[in-house]
Amino acid sequence: MKLPTEVFGDVVVVHTPEELGEDITEYLENFLTTLDRGKVIIDLNGTESIDSGGLAALLAVQDALRERSGDLKITTNNKINRKILEVTRLDEQLEVFESVIEAVKSFV
């Protein structure tokens, strides 16, 4: 599995698959923490379901990136994904933006 990415200067945007679950968490963590850029945005707009393993992976990636002086930001305008982040209170630990452009600008 290869995740589609876009690069905006020193920021990389990673588009997640339809399902962000336990079965891909190890791959996701390895992929995101071995990128040549430490400023990472995960675009959840194409993701239709997120389980606890996927949520835990987001936090693990954020920790790993911060150890390398990087950071992780989330973008989604999907109401269900935003609700999941709110209910789990991950929106208090992860910066969540409506659009990729807003998230990229926040790194400046």
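Couple of notes before you dig in:
- Residue that is nearest to residue 108 (Cα to Cα) [pool: residues in the range 7-32 that are of a type in the set (S, T, N, Q) and surrounded by 18 or more Cβ atoms within 10 Å (Cβ to Cβ)]: 16
- Of the residues in the range 71-85, at least one is among the hydroxyl-bearing types (Ser, Thr, Tyr), modelled with pLDDT of 90 or more, buried (at least 16 other Cβ atoms within 10 Å of the Cβ) and out of contact with any Pro (no Cβ under 7 Å at 6 or more places or on another chain).
- The single condition from (1) touching a strand residue (DSSP E or B) at 6+ places or on another chain (Cβ under 8 Å); (2) closer than 20 Å to residue 101 by Cα that residue 9 fails is (1).
- Top-ranked residue of the range 34-91 - restricted to ones that are of a type in the set (Lys, Arg) and within 14 Å of residue 12 (Cβ to Cβ), ranked as nearest to the chain's Cα centre (by Cα): 73
- Contacts under 6 angstrom Cβ, first residue in the range 90-108 being closer than 19 Å to residue 59 by Cα, partner of a type in the set (Gly, Ala, Ser) and not in a strand (DSSP E or B), 6 or more apart: 97/103
Matching residues to (1) in a loop (DSSP other than H, G, I, E, B); (2) of a type outside the set (Val, Ile, Thr); (3) in contact with a strand residue (DSSP E or B) (Cβ under 7 Å, 6 or more places away or on another chain):
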residue: 3; (1), (2), (3): yes, yes, yes
residue: 28; (1), (2), (3): no, yes, no
residue: 53; (1), (2), (3): no, yes, no
residue: 57; (1), (2), (3): no, yes, no
residue: 63; (1), (2), (3): no, yes, no
residue: 77; (1), (2), (3): yes, yes, no
residue: 104; (1), (2), (3): no, no, yes
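- Members of the range 30-51 found to be assigned to a strand (DSSP E or B), among the charged types (D, E, K, R) and under 16 Å from residue 76 (Cα atoms), listed by number: 43
- Test result for residue 5, touching a helix residue (DSSP H, G or I) at 6+ places or on another chain (Cβ under 8 Å) and hydroxyl-bearing (Ser, Thr, Tyr): no
- Residues in the range 33-54 that are of a type in the set (D, E, K, R) and crowded, with 18+ Cβ neighbours inside 10 Å: 2 in all.
The values are calculated or read from the model by the stated rules, or taken from the named source; none is laboratory data. None of these values were measured; they are calculated from a predicted model. Using ideal geometry, Cβ is built from the backbone for each residue, glycine included, and neighbour counts are taken over all protein chains shown.
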